[in-house]
1. Going through region 110-158 one residue at a time, which ones are without any contact (Cβ under 8 Å) to a residue 24 or more places away in the chain and either more than 30 Å from residue 70 (Cα to Cα) or in contact with a Ser or Thr (Cβ under 9 Å, 6 or more places away or on another chain) (or both)?
2. For region 46-76, enumerate the residues that are free of Cβ contacts under 8 Å to residues at least 24 places away in the same chain and over 16 Å from residue 88 (Cβ atoms).
3. Residue check, residue 59 against (1) closer than 30 Å to residue 181 by Cα; (2) at pLDDT 85 or above; (3) out of contact with any Phe, Trp or Tyr (no Cβ under 8 Å at 6 or more places or on another chain), all met but one. Which one?
4. So how many residues does region 30-68 have that are among the aliphatic types (A, V, I, L, M), surrounded by fewer than 14 Cβ atoms within 10 Å (Cβ to Cβ) and in a loop (DSSP other than H, G, I, E, B)?
Amino acid sequence: MKTAKYFLIIGLVFLFAGSQSFAQQTSAEKDFKFTIKTNPLSAMGGPLFVAWVVPITAEYKVYFEAQTTSKQSIQVGLGYLGSSPLVASIGDLGGDTSIVASGFRGQLWYKFFLTSDKSPAGFYIGPHFSYASAKLKNSVNPDDYFKATKMNIDVIFGYQIISKGGFALDIFTGLGVKHKTFNTSDFSTNQTFDDWKLNNKFTIGVPLGFSFGYAF
């Protein structure tokens, strides 16, 4: 939980500093080549959920975006998945047993910008791929575990603002498919997942999010 608090504080500092730049004009006069962004709110939960609303992981992530042409850019994202506040609270109950989550998430975007702004600013559309994997372990018995994976393939569209001072805000949504798997050390639970048809099944996904940082 302390890590999440520090991450949120750093993000708020970035947001406050960048808000001063938004009072100025946008990036039309400058040619930014790269952006570094994050979203500290993801430390509260994501991208893996149970029953669609219960987060089992928190994500600490960073995005790096690079201009490839005057109207295109490529963006990669790397994230560490730790225990969500919900899972962390289970481990803070004072008992002899705690549950710890760990994992990773990788993302890849390619953006085609549709407005007169130079990339990486303006309206954009493009493909997005994401893969996340995390395991929850029992501290007393490491062989007692719960593992989840999630893959997304989407078409993303969004808008990225870059101020004259270099503050960047990227807001996006889209449509695609997602694929989840769940696996545990308990055979009967795995059988339940199969009976409920939760494993190896593609469903519709609607990504939605934002990130902010600095362009240079």
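The values are calculated or read from the model by the stated rules, or taken from the named source; none is laboratory data. All values reported here derive from a predicted model rather than from experimental measurement. Ideal geometry is used to build each Cβ from the backbone, glycine not excepted, and the neighbour counts take in all protein chains shown.
1. Across region 110-158, the qualifying residues are 141, 142.
2. Within region 46-76, 51, 52, 53 meet the criteria.
3. (3)
4. Number satisfying all stated conditions: 2.
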